[in-house]
Structures are given as structure tokens and as C-alpha cells.
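Enquirer: Please read through the structure below; I'll follow up with questions.
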Amino acid sequence: MASAATITAPKISLTSNDSAVLKALFDNGEDASRENIYTPDPQAIRIDDSLPPFPQCDIEEAALKSLEHRELDVIRRIQGITPTSDAKNSAQEASSSLSTPIHILEQAIDDLTSLITEHPDYPPLYANRAQALRVLVQSKESTSNNTDKDAAIFLPQNRDLATKLLSDLSKAISLARPRPTGSNRNTNVVSSAQFRLLSNTHMHRGYLLLKAGKIRKKEEEEGTTQGQKEIGGPEQLLSITSRDQLEEMASQDFFEAGQYGNEIAKQLSVQTNPYAKMCGAIVKEALKKEIEKFQS
């Protein structure tokens, strides 16, 4: 059975840390053995290859194959891949999605929305629409001198798109998350498609939350408040004014992505964990005092 396809990452200029994050984000669905997917600990998340791609999604085999074919056609259009080309090789050689005309992106998003209307319980459709929305926002800012195109997600004029993006990621996670059933109460057993999608979507959402936290930090340093200017970003985050809370939310998503095999997410989970940061500050202060004693 074909695995779910997802949109590959657009080529954009980011910080080295952001680039490392994005490297693990997107997957064309053709190769489940990427280096950021590892063989999970038997005591943690386990992959069961006998499971259907998304057990909670009740789609007949023929309908699923048709859906995957139509979904992949949309993704190829976004990536500039011709249907006659080999999908796996073309995905690696495709030009940047940022060069895709905006009208093609908007049509692709509409097509994904139509597929969602037909199959509202199929998680990859939401994950792919979220990624397409992100590429659309980046494309609209492609003429900007700002090299960090993801910052555009948090501009006031892109609030509606950002809100839909975050909502789609959350919906994909909710639908793909393993649930106990009458015959199987174990939520640590997932299909390879669930494993990969949950790794990517938790990483994607965590990355955006971390970006939001950085923007809040900048606003705090500049002394900017919501009353002084219009705030952008997803509506779901507008009531959260604390960067620490945003970073804590990001840390939780990175932790979940790490549970599903993303090694970069594991590192980021530790770096953004508020308790780890607090302990680090305590240790740093203790070392500072010891050095001062030694120097006196």
C-alpha cells in the first residue's frame, strides 16, 4: 500500500538552527527510512507494519489509492513536478516551491480543501494543506528583502492564512494520534505512516510556536505591547503574551516529535524546556559565584 505523500520543504534562507529544524520537517512520503526516522525503543512508540496507514480513517482500499493519487497530483503541482517524472527523484531535483506561481498554490489549496470535504478524517490532507499555506505565505513575501520568509507568517496581513495553517497542523495531529480501541488499548503502537506524519507535524507546529516565542521576545525587548500596534500570527496564539509559555508549548511539540523518531526535535525539546533552562541558569549562577570566590 502506498504511503501518504507530503510536500517537500521549500528552499529558503534561515538561520543555521532554523535550517536544521526544517531539514527534518517535510517528507515526500516515498521513503520511510530517512535518517531522521529511527527504529523506536520497544518500550516507547512501536511501528506495526500490519496496521493500515491511519487506523481511525475508514477508507476502502480502492478509494484510498484513488485519494493518494489525487493528493500526489496536487503535491506535484506545488513542487513543479511533472506527472510523468519519477516522483522520488523529481522531488529531490524539483525547483524551489517559492518559484511556484501564487495562483497555482491557491488552486492547489482549493483542491486539497475539496479532498478534505470528501475525506475529512484523512490526516495527510490537513498536513499537506498546512504546508501549502506556508509556501503561499512565503511566496507572497518572496520579493521582500527579509531572508527569513517564515517571519511573514506573523505579519498582520497574513493572520487568516496563519490561523488556517496552525489549525490544519492541529487537526492532522488530532486525527493521526493513536487511540485505544476495543481490541487494542495500546496507544504506543502505530503504523509507519502515522509515525512519520506525527513526527513531521509535531515538528512543524513546534517550529512555528518557537518562531512565535522569538517574536514575543523581540517585542518584549523593544517594549512593544499589543495596544501599541496590530499583532500578527495565528489567532489561536494572540491571547498568549508570554514567550515562555510559547516556548513551553513548542518544547512539548518537540518532545512529541522526538517520541516519533525526530532526533533534532529531541535536542530542541531539551533546549526549550523551561525546567531545563531554569536548571541551566542556576548552574550558571553557581559557577559564576565559584569563579568570583576563586578570583577574590
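Computed from the coordinates by the stated procedures, all read-outs in this text should not be read as laboratory data. Everything numeric in this text was worked out from a predicted model, so none of it was measured. Counting neighbours? That spans all protein chains shown, and the Cβs are built from the backbone with ideal geometry, glycine included.
Enquirer: Suppose every K and R has +1 on its Cβ and every D and E has -1 on its Cβ; what is the size of the dipole of the stretch 163-216 about the Cα centre, in Debye to the nearest 20?
Expert: Computed about the Cα centre, the dipole is about 180 debye.
Enquirer: Still on this structure, I have one more. If you take the beta carbon distance between D160 and S66 as r and set R0 to 35 Å, what does 1/(1 + (r/R0)^6) give as a FRET efficiency, to the nearest 0.05?
Expert: So the FRET efficiency works out to roughly 0.65.
Enquirer: Report, in listed order, any pair from K65/K149; K164/K218; K65/K140 with a Cα-Cα distance greater than 29 Å.
Expert: K65/K149; K65/K140
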